[in-house]
Amino acid sequence: MPENKSNQCSFFDQVLSPQPCLLCQLYPGQPHICAGCSRDLPWLGHCCPRCALPRILDSPHPCGECLQRPPPWQQVIAACHYDFPLNELISRAKYERQLHFIPLLADLLLARLQQLPALPEALIPVPMSRQKLQQRQVNHALLLARQLSKALAIPVLDEQLHKRRDTVQQKDLNRAARQRNLHGSFSLRGPLPASVAIVDDVMTTGATLAEITGLLAGHGVKQCSGWVVARTPESLFAP
Ligand SMILES: [Zn+2]
Ligand SMILES: [Zn+2]
């Protein structure tokens, strides 16, 4: 009898209990991570609405840098600082294909997107070159965009924007070299709606977003936002 009862509990535990937290494995995930691990994430607090760089006080106005040299995009939404454990999760999803982290990463961004008064007409994941796609086998930005698309009922357009050539890893370059490295590396096929969000995992200097946004603006896109899970504290325009 006790043995039977134990079997029943195990069955119901499996059916009714949520998966354990992806981070600590100790408490139930809600649905991916537990409340404690969620609280401990490096959430981005007050930040510039234009470039998402952190600031001390809340303000609807862009930071000084964005006022002096307005970036080619209208808005950047970022969920967290690119810090532990998020950097680890993104790295594992990206380089070790631990794709079970993608729904969690999308949910972090969705939590931030709830504050938006209006949504774009389409989501465009940052594309990979054919060579990089063969190497990694999956574009994690596309997977992220698909998760967001399901939750927000916005279509993903992943056929229009292409990365023409493989570029040197952006993370190995300084700011100026990043811009040079990317110049002319994207191309566009087919029309796009007037407002789009470019989806990626991390925004570092914003060089990729600037290159894509510049291209899209020349093809009739009026409102271009960057949606990223994490933001590093680097600015495209800082000296
Ligand atoms: Zn946890
Ligand atoms: Zn700014």
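A few comments on the model shown:
- Residue match in segment 104-119 (condition: modelled with pLDDT of 95 or more, more than 16 Å from ligand 1 (Cβ to nearest atom) and closer than 30 Å to ARG165 by Cβ): yes
- Output for segment 19-76, where each listed residue is among the aliphatic types (A, V, I, L, M) and closer than 22 Å to LEU105 by Cβ: LEU22, LEU23, LEU26, ILE33, ALA35, LEU41, LEU44, ALA52, LEU53, VAL76
- Of the set (1) surrounded by 15 or more Cβ atoms within 10 Å (Cβ to Cβ); (2) at pLDDT below 95; (3) among the polar types (S, T, N, Q), all apply to GLN137 but (1).
- PRO85 vs. criteria assigned by TED's automatic domain parsing to the domain that holds LEU152, touching a residue at least 60 places away in the same chain (Cβ under 8 Å) and within 16 Å of ligand 1 (Cβ to nearest atom): yes
- Every residue from segment 121-156 that is in a loop (DSSP other than H, G, I, E, B) and touching a Pro at 6+ places or on another chain (Cβ under 8 Å): GLU121, ASN139, ILE154
- Strands (runs of 3 or more DSSP E) completely within segment 186-239 that count 2 or more residues being aliphatic (A, V, I, L, M): 195-203, 223-231
The values are calculated or read from the model by the stated rules, or taken from the named source; none is laboratory data. Quick caveat: nothing in here was measured; it's all calculated off a predicted structure. Every residue, glycine as well, gets a Cβ built from its backbone with ideal geometry; the counts of neighbours run over all protein chains shown.
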